[in-house]
1. Test of understanding: in a Gaussian network model of the chain with alpha carbons linked when under 10 Å, which of VAL126, VAL166, VAL82 would top the mean-square fluctuation ranking?
2. Note down the accessible area of TRP227, probe 1.4 Å, to the nearest 10 Å².
3. As a test question: what accessible area, to the nearest 10 Å², does ILE136 have when a 1.4 Å probe is rolled over all protein chains in place?
4. To the nearest 500 deg cm²/dmol, what mean residue ellipticity at 222 nm is calculated for the chain from DSSP H runs of n ≥ 4 alone, each contributing -39,500 (n - 2.57), summed and divided by the residues?
5. Take each uninterrupted DSSP H stretch in the chain, measure its Cα extent along the helix axis, and return the ones at 30 Å or beyond whose mean Kyte-Doolittle hydropathy is at least 1.0.
6. Counting residues in the chain as N, plug N into 2.2 N^0.38 Å and put the Cα Rg over that result.
7. How are the C-alpha pair distances of the stretch 143-244 spread across 10 Å bins, as whole percents from the shortest bin up?
8. Please identify, among PHE281, PHE32, PHE68, the residue showing maximal mean-square fluctuation in a Gaussian network model of the chain using a 10 angstrom Cα cutoff.
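The values are calculated or read from the model by the stated rules, or taken from the named source; none is laboratory data. Treat the numbers as computed from the prediction; the structure is a model and nothing was measured. Neighbour counts are summed over all protein chains in view; Cβ atoms, including those assigned to glycine, are modelled from backbone coordinates with ideal geometry. When the accessible area is computed, the model is the full protein with side chains, heavy atoms only, and any ligands, DNA or RNA have been set aside. Shrake-Rupley method; radii C 1.70, N 1.55, O 1.52, S 1.80 Å.
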Amino acid sequence: MSSDLVDLITHAPDPRNKRTRLTGTAKFWLAFRYVSLFFILALIILPIYVLVINSFKGRTGVTLANAFNLPQELNFETWPMVWKQLSAPMLRTLFFVVQSSIISAIIGSINGYVLAKWRFPGSKLVFTLFLFGMFIPYQAIMIPLVQFNKAVGLTGSIYVLVLAHVVYGIPICTLIFRNYYASIPDELIEAARVDGASMTRVYRSILLPLSVPAFVVVLIWQFTSAWNDFLFAIFLTGGSPKLAVATTALNFITGSWQVYYGENMTAALMVSLPTLLVYMFLGRYFLRGLLSGSLKG
């Protein structure tokens, strides 16, 4: 081996050492990436920071001048006051959100299975029509929905919101489950069919146990969507106090003549806590479930 080749090998940069591979341009873009991510993170955290610190300044201790300042002393005056007003609406919201999420997830799972593993004439057209339902704005169906609720006797009941969110949740649930089931090998279905299993048995014994990631995604999506909804809640309930949910009750707290910022900040934080906790503890499963159906096996 020549001396030049030996010298080249001994002085070659180690590809495992990132410092030897970073040029000036690469360092600039790396720094730009981190600065951009930090800026985006600050934009996301800033509203939460404002809500948290101002919820501990009392009912009248928040002004525009000190909105970003830390509280000099912790004042929990607004928390029991706001909980007294929001406890019933939040429990009512939890009641209908859980039901609508579970029902739409089950229907979406069945639809996704049929559209992914059953081949029938017009299946692609049916799937396209399901997707079309995702793009219909709420405002376009408000009047027909109210008329339908009156016809079936749901007016004045919290189940009017259950029905609305189930209907609007079916398209996105169907899409998620259909894509997830399409990634499951058809050989599993064919093997079960050869052994004499019906399509119902295949769904119950094979696909349903494998659907946990998809169910996690759908339930989290539906939970947050229904919990944060305001338009259906205010329109379909007619602003009735006995049917007030978290978002409508929060709107009533804001006040029209005099605004107590400390009370408003505490109420907004309290209403936001369930969805924040869901994403804090289940966010990793949400992303994992979304990615689990991204590749066809």
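1. Maximum among the listed residues: VAL126.
2. Result for TRP227: roughly 10 Å² accessible.
3. Roll a 1.4 Å probe over it and ILE136 shows about 60 Å².
4. One gets -22500 deg cm²/dmol as the mean residue ellipticity at 222 nm.
5. Helices meeting the criterion: 24-54, 159-182.
6. Here the answer is 1.39, to two decimals.
7. Per 10 Å bin, starting at zero, the Cα-Cα P(r) for the stretch 143-244 comes out as 13, 33, 23, 19, 10, 2 percent.
8. Comparing PHE281, PHE32, PHE68 in the GNM, the peak value goes to PHE32.
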